[in-house]
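*Asks:* My questions all concern the structure below.
The values are calculated or read from the model by the stated rules, or taken from the named source; none is laboratory data. The shown structure was predicted, so the numbers you read here are calculated from the model rather than taken from an experiment. Please note: Cβ atoms are built from the backbone with ideal geometry, for glycine as well, and neighbour counts cover all protein chains shown. Accessible surface areas use protein heavy atoms only, side chains included; no ligands, DNA or RNA. Shrake-Rupley method; radii C 1.70, N 1.55, O 1.52, S 1.80 Å.
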Amino acid sequence: MNRLVIVSNRVADLRATTQTGGLAVGLADALKERGGVWFGWNGEPDGVTGGEPQVEMIDKVKRVAAPLSPEDVADYYFGYANSVLWPLFHYRLDLVDYRPAFFASYSHVNEAFARQLLPFLEDDDLIWVHDYHLIPLAGYLRKLGCRQRIGFFLHIPFPPPDLLAASPNHEELVEALLDYDVVGFQSHTDAANLKLYLAEHNPVDQVDETRFRFKGRTVLIDRFPIGIDAAGFAAMAREADEDVEIDLIRQRVLGRRQVIGVDRLDYSKGLPERFKAFGQLLEQHPEMEKAVSFLQIAPPTREEVDAYSDIRTELETLSGSINGRFADFNWTPIRYIHRSVSRRKLAPLFRGSHVGFITPLRDGMNLVAKEYVAAQDPEDPGVLVLSKFAGAAEEMQDALIVNPYDTDDMARQLHIALTMPLEERRRRHATLFEHVVRQDARAWLESFLAALNGSSAKPVAAERPYRPTG
Ligand code: ADQ
């Protein structure tokens, strides 16, 4: 079995357990099995870019943590990655804050990472690069003579060609993607968007539905929908601690139903629209007053970026006005929690909630949707209300699928969810659960690695000159 090299913006904590954490744990397990390296930024804002990385050996895995300078944290991480690529890839051109210094820093950091990673590589390694922070990494590795197979997985959406072309660096970004052997996306829509861009802008030869030939190499472009550790999450959901148990008992005694939303506080998650839809439900169905409450957990992230503090203020105003209008001394319609909640608490909270209300305006996948389904009691499951613009919607058609911009539609579907007969809830849940278990984190990992293993890094044809267009 080939060694695995994982590269992500931040290097993961390889000592984390299933209880603490999701995706990183799944990848770390695969690394521990095969042996290899996890390379990434150490997360500190005050180092020297290109400086000596910290290396730690954990079982058969080397954890390599590289430093970044304060300027690069500002321009590469908060700048190009999170003020340009994040909004652009989430179809929010209005929020893109483009500055030439950002792209220069993005290129500089990727080049420095490539140089620092090189001495840790062995000939037969499979290199798996994660997410939008590191698109140019393969190109820099190739320039340094790296012949290993390199795959890239994009965790967030990939925009349609017209939106992408609005970015000053779209040609460099797409060419950089073509330096990989495998480019993986969450959904058909994302993979189709890159293929459409190639058809319109780049002279690549299409070999078949997923394979393209560029500069003498074959690149596989496909969808690899990410999953969760469904069995582990379901087991955690059955073990409520005392705090959660008391809260759930209180709800049961009062005969109240709970709607739950869990997100990072991000403008892509559609939170204001979600709050408004819940307000409309109460307005249109007075019988729901005191019978239902909405628990939204959304701890702030990336507060250094302006767009994130705006959304925080907007949500506080909205929840305040809805609560001000409907609350009673013994009932708060919206409970909005800004703090992070551990997965151990989240899982039983999902299980005790009658509706999972997950309505991003745009999302690569959305793992919370899958976690909500995994956590349910199959005998008496809750209902998932899911945005049609989450990657998860492609696979989870038995959820109630909503348009997250249409608050009337969301209020209507919430009402349907809250009053759905047991038999229909069971039927929908059974199909969703079966899917979440089959397409779990392990299946995702294995299918990506199989594709990476099977593709060739060697030239398959004479190199053709690149002709830039548009
Ligand atoms: P995120 O935007 O972070 O991830 P999501 O997939 O919903 O979105 O969440 C990832 C994990 O974080 C989940 O395990 C979830 O439980 C946890 N999480 C989210 N909010 C939380 C909160 N308030 N408290 C505690 N835990 C919370 C990006 C992409 C997604 C894609 C993932 C994985 O934006 O579209 O699904 O990567 O590829």
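*Asks:* Given the conditions (1) at negative phi; (2) open to solvent by 10 Å² or more (accessible area, probe 1.4 Å), report the number of the one that Asn82 does not fulfil.
*Replies:* Of everything listed in (1) at negative phi; (2) open to solvent by 10 Å² or more (accessible area, probe 1.4 Å), Asn82 misses just condition (2).
*Asks:* If you don't mind, there's one more thing I want to ask. Name the residue, out of Asp243, Asp179, Asp208, that is exposed (fewer than 14 other Cβ atoms within 10 Å of the Cβ) and either without any contact (Cβ under 8 Å) to a residue 60 or more places away in the chain or under 25 Å from Leu134 (Cα atoms) (or both).
*Replies:* Asp208
*Asks:* Right, something else. How many of the residues making up segment 367-385 are near the ligand (Cβ under 8 Å from one of its atoms) and either of a type in the set (Ser, Thr, Tyr) or open to solvent by less than 10 Å² (accessible area, probe 1.4 Å) (or both)?
*Replies:* 1
*Asks:* For segment 311-323, does any single residue satisfy the condition of being within 15 Å of the ligand (Cβ to nearest atom), among the β-branched types (Val, Ile, Thr) and outside any loop (DSSP other than H, G, I, E, B)?
*Replies:* yes
*Asks:* Then there's this: If you take the residues in segment 269-283 that are within 15 Å of the ligand (Cβ to nearest atom) and assigned to a helix (DSSP H, G or I), which one is surrounded by the fewest Cβ atoms within 10 Å (Cβ to Cβ)?
*Replies:* Leu271
Matching residues to (1) surrounded by 14 or more Cβ atoms within 10 Å (Cβ to Cβ); (2) in contact with a helix residue (DSSP H, G or I) (Cβ under 8 Å, 6 or more places away or on another chain):
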site: Ala390; (1), (2): yes, yes
site: Asp398; (1), (2): yes, yes
site: Thr407; (1), (2): yes, yes
site: Met410; (1), (2): yes, yes
site: Leu422; (1), (2): no, no
site: Arg426; (1), (2): yes, no
site: His429; (1), (2): yes, yes
site: Leu432; (1), (2): yes, yes
site: Val436; (1), (2): yes, yes
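*Asks:* Given (1) assigned to a loop (DSSP other than H, G, I, E, B); (2) touching a Gly at 6+ places or on another chain (Cβ under 8 Å), where does Thr189 come up short, assuming only one miss?
*Replies:* (1)
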